[in-house]
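Down below is the structure, laid out as structure tokens.
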Amino acid sequence: MKIKDIICSAGRTGFFFDDQKAIKTTAIADGNAYIGEPCTPGFSQVRQAGESISVMFILDDGQIAYGDCAAVQYSGAGGRDPLFLARDFIPVIEKEVIPLYKGKEITNFREMAHTIDSRPLHTAIRYGVTQACLDAVAKKHKKLMTQIVASEYNLTISDEQIPIFSQSGDGRYDNVDKMIMKMSAVLPHGLINNIGKLGGKGEKLLEYAEWLKNRIIKLAPIEGYNPVIHIDVYGVLGIALDHNFEAIADFMAKVQAAADPFTIRIEGPVDMGGREAQVEALSKLTSMMDKKGISTEIVADEWCNTYEDIKIFTDNKAGHMAQIKTPDLGGINNTIEAVLYCKENGMGAYLGGTCNETDRSGQVCTHIAMATKPCQMLAKPGMGVDEGFMVVYNEMNRILALKDVL
């Protein structure tokens, strides 16, 4: 079977592009918008509509295989590729990508993914095109995408759902109720991305952790509902505590006490401004907490972007878990290999991504999750809880219903 043609279409994502630097420093929230001047190159506003590009392979039997090119909410920050706008990158795909695949035979996923992922193109392009490659191989063999991943990487598909992690956006109170009622296994993310939300010395975070505990207990739909509490603080905790690692470790003990009896994870406690400094800081903090017997888990995020980054964070025990931010890794082949590397080397694997993806990328990542079995998977796209949870939850259940039939 061959790829007869390739068509691109511009699309919207499930959220926005946000200028992280401006939000951390000078921008002022005004409803769903931000007032202020952008600080990151490429941005025309601090917050602007997220964009995507669907890449559709027209197969010679009439089937259509497709994937969505998308980039993270905080594009251009933390060492990431620049802002991804459809008008700028559809011409790049037409010039650089279509000749690689049009008229070519559909072989296997790993070979087809390498064709694009080996080229110095924007991560979003490599992300979407490799999704289309996986779909094309699955359609050729009349199999599920997760079955193709399992076959090519010698894996066994999960017999149960992967724990789903819901994110609240700034609706960090009202949206928690939705998560509890839908029994999210991990919640709420929280979007604690400035000192105002954290508290000058972290006091608002402690209050929030205790509120979460009490809310879960009050609204639990069934006896035994035991979600993990996972809060992202975007490096702001380090700012509040003057990057004093002893003080940060002791604060983690307070967080643990506030959330008890639930497991709690803190993502991105510090942002040191570069990969080497970030690895050193999280390695030191993780070791310090482990020696003190503090059970709060640290999740690596900032500066842990590529497959190589994830290997370095894992090898240096820089955190208890790494977020595998799927668009940042480029080809989804790298996402697969990153999950497997973490699992093989004692690092928790969080198959994440961004609210700024699409329904399609959420579905494809679900197929990867069911084959690779990470500790948790992000409900995506969007920040409204219901939509992203639905996309991932329903795709997992479709896989469970079909995997032994096809």
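The values are calculated or read from the model by the stated rules, or taken from the named source; none is laboratory data. Note that the structure is a prediction, hence the values are computed from the model and not measured. Glycine gets a Cβ as well: all are built from the backbone with ideal geometry, and neighbour counts include every protein chain shown.
Kindly indicate which of Glu297, Glu280, Glu276, Glu267 is surrounded by fewer than 23 Cβ atoms within 10 Å (Cβ to Cβ), in contact with a strand residue (DSSP E or B) (Cβ under 6 Å, 6 or more places away or on another chain), of a type in the set (Asp, Glu) and under 23 Å from Val236 (Cβ atoms). Quick ask: steps written out before the conclusion?
On the way: Glu280 fails: in contact with a strand residue (DSSP E or B) (Cβ under 6 Å, 6 or more places away or on another chain); Glu276 fails: in contact with a strand residue (DSSP E or B) (Cβ under 6 Å, 6 or more places away or on another chain); Glu267 fails: surrounded by fewer than 23 Cβ atoms within 10 Å (Cβ to Cβ).
It is Glu297.
Tell me, which residue of the range 74-107 that is of a type in the set (Lys, Arg) and surrounded by 14 or more Cβ atoms within 10 Å (Cβ to Cβ) is nearest to Asp19 (Cα to Cα)? Explain how you work it out, then say what you get.
Going through the range 74-107, the residues of a type in the set (Lys, Arg) turn out to be 80, 87, 95, 102, 104.
With the extra rule that they be surrounded by 14 or more Cβ atoms within 10 Å (Cβ to Cβ), the set shrinks to 80, 102.
Working: Arg80: 12, Lys102: 36 Å.
That would be Arg80.
Just to check your reading of the model, which residue among Phe89, Phe84, Phe165 is in contact with a helix residue (DSSP H, G or I) (Cβ under 8 Å, 6 or more places away or on another chain) and closer than 26 Å to Tyr350 by Cα?
Numbers: Phe89 fails: closer than 26 Å to Tyr350 by Cα; Phe165 fails: in contact with a helix residue (DSSP H, G or I) (Cβ under 8 Å, 6 or more places away or on another chain).
The unique qualifying residue is Phe84.
Go through Ile248, Ile229 for me and flag whichever is in contact with a Ser or Thr (Cβ under 8 Å, 6 or more places away or on another chain), crowded, with 21+ Cβ neighbours inside 10 Å and within 25 Å of Thr314 (Cβ to Cβ).
Values: Ile248 fails: in contact with a Ser or Thr (Cβ under 8 Å, 6 or more places away or on another chain).
Testing whether each residue is in contact with a Ser or Thr (Cβ under 8 Å, 6 or more places away or on another chain), crowded, with 21+ Cβ neighbours inside 10 Å and within 25 Å of Thr314 (Cβ to Cβ) leaves just Ile229.
For Gly42, state whether it is under 25 Å from Val137 (Cβ atoms) and surrounded by fewer than 18 Cβ atoms within 10 Å (Cβ to Cβ). Steps first, answer last, please.
Details: under 25 Å from Val137 (Cβ atoms): no; surrounded by fewer than 18 Cβ atoms within 10 Å (Cβ to Cβ): yes.
Here the answer is no, as Gly42 does not meet what is asked.
Quick one: which residue in Gly331, Gly348, Gly388, Gly319 is farther than 27 Å from Ser283 by Cβ and either without any contact (Cβ under 8 Å) to a residue 40 or more places away in the chain or touching a strand residue (DSSP E or B) at 6+ places or on another chain (Cβ under 8 Å) (or both)?
Numbers: Gly331 fails: either without any contact (Cβ under 8 Å) to a residue 40 or more places away in the chain or touching a strand residue (DSSP E or B) at 6+ places or on another chain (Cβ under 8 Å) (or both); Gly348 fails: farther than 27 Å from Ser283 by Cβ; Gly319 fails: farther than 27 Å from Ser283 by Cβ.
Only one candidate passes the filter, namely Gly388.
Within the range 19-62, track down each residue that is within 20 Å of the chain's Cα centre (by Cα) and assigned to a strand (DSSP E or B).
Across the range 19-62, the qualifying residues are Arg47, Gln48, Ala49, Gly50, Glu51, Ser52, Ile53, Ser54.
With a cut-off of at least 1 residues that are over 29 Å from Ser283 (Cβ atoms) and at pLDDT 95 or above, name the helices (runs of 4 or more DSSP H) lying wholly within the range 168-252.
On the way: elements: 174-181, 195-198, 203-219, 236-240.
Qualifying helices (runs of 4 or more DSSP H): 174-181, 203-219.
Which one of Ile64, Ile53 is surrounded by fewer than 23 Cβ atoms within 10 Å (Cβ to Cβ) and of a type outside the set (D, E, K, R)? Show your work before the answer.
Values: Ile53 fails: surrounded by fewer than 23 Cβ atoms within 10 Å (Cβ to Cβ).
Only one candidate qualifies: Ile64.
Within the range 117-147, restricting attention to residues that are polar (S, T, N, Q) and within 21 Å of the chain's Cα centre (by Cα), which residue is farthest from Ser75 (Cα to Cα)? Before you say what the answer is, go through the steps one by one.
Start the filter on the range 117-147 by keeping residues that are polar (S, T, N, Q), which leaves 118, 123, 130-131, 146-147.
So of that shortlist, the ones also within 21 Å of the chain's Cα centre (by Cα) come out as 123, 130-131, 146.
Working: Thr123: 11, Thr130: 20, Gln131: 20, Thr146: 28 Å.
Across the range 117-147, the extreme among qualifying residues is Thr146.
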